[in-house]
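What follows is a short report on a single structure.
The values are calculated or read from the model by the stated rules, or taken from the named source; none is laboratory data. Owing to the predicted nature of the structure, the values given are computational and were not obtained by experimental measurement. Positions of Cβ are generated from backbone atoms using ideal geometry, with glycine treated the same way; all protein chains shown enter the neighbour counts. Each accessible area value is taken on the protein alone, full model and side chains, heavy atoms only, with ligands, DNA and RNA left out. Shrake-Rupley method; radii C 1.70, N 1.55, O 1.52, S 1.80 Å.
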Amino acid sequence: MNKGIRMRLMSGAAAAFATGALVLSAAPAHATSASTSVGLPGGNKISINAWHCGFYVTACDWKASTKMSGTSPRKAQWIQNRAELQAHGISVSITISKNPEATLTMKSRSLGEVRWKNTNANISDTYGQMKPGGATTYVSTKSCGSARVTSAINVSEKCAYAGAA
């Protein structure tokens with residue numbers, strides 16, 4: 001094969017690879033999410049939501065919330081969200097950021113728990129970013145919510161899990 005043809009083939013292959021890489025990196029980040037809800041006496045509802053990015057290179061945004069909707073009453077005495085953020089794979093680790101009012105407890109190198117209990121409110125939401133270590137195959141977000149709506153209405157912890165099964 002002559003040198004000119006070989007150079008055109010190589011530059012064409014490089015252009016195709018660069019285009020493929022551009023398309024891959026420009027692809028929309030599809031989110032992974034889950035939710036569950038429970039009805040309350042008086043017509044209110046508590047919804048628990050978990051969300052994290054579906055595609056990441058070095059970091060992945062996440063959100064978790066527990067929200068009460070309805071007007072009877074408009075606010076709970078307290079409402080809490082507890083999010084478990086985990087990196088999955090062999091010998092993995094994770095670094096987690098969170099909103100300032102929440103607390104972060106690392107349960108292991110690959111599992112962190114973010115918790116926020118809000119008082120006289122209808123929502124407790126937590127958010128931040130996960131930075132999984134190199135051997136991570138996927139990440140997951142488990143959002144768990146509980147509340148004391150009134151002295152007579154308590155909601156035990158219910159969870160929603162976003163991640164591979």
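Tabulated data
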quantity	calculated
Where SER69 falls short, out of the listed (1) over 21 Å from VAL139 (Cα atoms); (2) within 19 Å of the chain's Cα centre (by Cα); (3) of a type in the set (Ser, Thr, Tyr)	(2)
Unique match (being in contact (Cβ under 8 Å) with a residue 12 or more places away in the chain, over 20 Å from SER156 (Cβ atoms) and touching a Lys or Arg at 6+ places or on another chain (Cβ under 6 Å)) among ALA87, ALA59	ALA59
Residue that is farthest from the chain's Cα centre (by Cα) [pool: residues in the stretch 122-160 that are in a loop (DSSP other than H, G, I, E, B) and of a type in the set (Ser, Thr, Tyr)]	SER151
Residue that is most open to solvent (accessible area, probe 1.4 Å) [pool: residues in the stretch 96-108 that are without any contact (Cβ under 8 Å) to a residue 24 or more places away in the chain and touching a strand residue (DSSP E or B) at 6+ places or on another chain (Cβ under 8 Å)]	LYS107
Complete set of residues in the stretch 119-163 that are of a type in the set (Ser, Thr, Tyr), open to solvent by less than 80 Å² (accessible area, probe 1.4 Å) and within 22 Å of CYS53 (Cβ to Cβ)	SER124, THR126, THR136, TYR138, SER140, THR141, SER143
Every pair of residues 6+ apart whose Cβ atoms lie under 7 Å, when the first sits in the stretch 144-158 and is over 9 Å from THR66 (Cβ atoms) while the second is basic (Lys, Arg) and not in a loop (DSSP other than H, G, I, E, B)	ASN154/ARG148
Whichever residue in the stretch 62-95 is on the phi > 0 side of the Ramachandran plot and in a loop (DSSP other than H, G, I, E, B) and, among such residues, is least open to solvent (accessible area, probe 1.4 Å)	GLY70
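Quick grid of which residues meet (1) of a type in the set (A, V, I, L, M, F, W, C); (2) more than 16 Å from LYS45 (Cβ to Cβ):
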position: THR126; (1), (2): no, yes
position: GLN129; (1), (2): no, yes
position: THR137; (1), (2): no, yes
position: VAL149; (1), (2): yes, no
position: ALA152; (1), (2): yes, yes
position: LYS158; (1), (2): no, no
position: TYR161; (1), (2): no, yes
position: ALA164; (1), (2): yes, yes
